[in-house]
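> Next up is a structure, given as structure tokens.
The values are calculated or read from the model by the stated rules, or taken from the named source; none is laboratory data. None of the values given here were measured: they were computed from a predicted structure. Note that we place each Cβ from the backbone using ideal geometry, even for glycine, and neighbour counts take in every protein chain shown. Just the protein is used for accessible areas: all its heavy atoms, side chains included, with ligands, DNA and RNA removed. Shrake-Rupley method; radii C 1.70, N 1.55, O 1.52, S 1.80 Å.
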Amino acid sequence: MTITYEYGDNLYINVTNRCPNACDFCLRNNSTGSLYADNLWYEGAEPTKEEILADLKKRDLNSYAEIVFCGYGEPACRWDDMLWLAA
Ligand code: SF4
């Protein structure tokens with residue numbers, strides 16, 4: 001389960017696989033990974049906000065230019081958790 005991964009100078013947080021759309025160009029339609037991480041699909045339940053925070057605490061957050069909420073879905077589906085994590 002890939003919760004966070006690095007790409008370039010940034011750290012990406014794989015927040016969710018949920019998405020209310022079905023864009024034709026979306027990688028979700030033809031791949032389990034992204035250009036930058038091997039597998040972003042959560043086979044079971046997606047991680048809780050506490051599990052995401054625990055994963056973030058393993059890293060030196062000051063070493064990244066940006067922290068990016070992303071995922072193999074629409075991260076705003078977990079808006080409240082994003083706000084909690086950002087705080
Ligand atoms: S994850 Fe993004 S690109 Fe893919 S279907 Fe949802 S909104 Fe579209």
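> Relative contact order of the chain, please, whole-number percent, based on alpha carbon pairs below 8 angstrom and at least 6 residues apart. Before the final figure, lay out the partial values.
Working: 114 pairs, mean separation 38.1, N = 87.
It comes to 44 percent, rounded to a whole number.
> Using only DSSP helix segments of four residues or longer, with each worth -39500 (n - 2.57), what per-residue ellipticity at 222 nm results for the chain after dividing by its residue count and rounding to 500?
Details: 2 runs with 16 residues, N = 87.
When only DSSP H runs of four or more count, the value is -5000 deg cm²/dmol.
> For the chain, just say rounded, prolate or oblate: build the C-alpha gyration tensor, square-root its eigenvalues into a ≥ b ≥ c, call rounded for a/c under 1.5, and beyond that prolate if a/b exceeds b/c, oblate if not.
Working: a/c = 1.73, a/b = 1.36, b/c = 1.27.
Here the chain falls in the prolate category.
> Kindly provide the GluC sites (Glu not before Pro) of region 21-86 that DSSP labels as loop, not H, G, I, E or B, and whose Cβ sees at most 11 other Cβ atoms within 10 Å. Display every interim value, and only then the final one.
Numbers: sites: 43, 50, 51, 66; in loops: 43, 66.
Here the sparse-neighbourhood loop sites are 43, 66.
> Shifting gears a bit: Please work through the chain and write down the cysteines that have no neighbouring cysteine Cβ at a distance under 4.7 Å.
Result for the chain is 19, 70, 77, no neighbouring Cys Cβ within the cutoff.
> Spelling out what I want: for every residue of region 38-54, take phi, set θ = phi - 60°, compute 6.51 cos²θ - 1.76 cosθ + 1.60 (Karplus), and round to whole Hz; glycine and proline get x.
Karplus values, whole Hz, x for Gly and Pro: 5, 9, 9, 6, 8, 5, x, 5, 5, x, 6, 4, 5, 5, 5, 4, 4.
> What number comes out for accessible area per residue over region 4-86 if the probe is 1.4 Å? Units Å², please. Before the final figure, lay out the partial values.
Values: 5330 Å² over 83 residues.
Averaged over the residues of region 4-86, the accessible area is 64 Å².
> A follow-up question, please. Given H placed 1.01 Å from N in the peptide plane, which residues other than close sequence neighbours of residue 71 have an amide H under 5 Å from its amide H?
15
> While we're looking at this one, here's another question. What is the distance, in nm, between label points placed 7 Å from the Cα along the Cα-to-Cβ direction at residue 63 and at residue 41?
In this crude spin-label approximation the distance works out to 3.1 nm.
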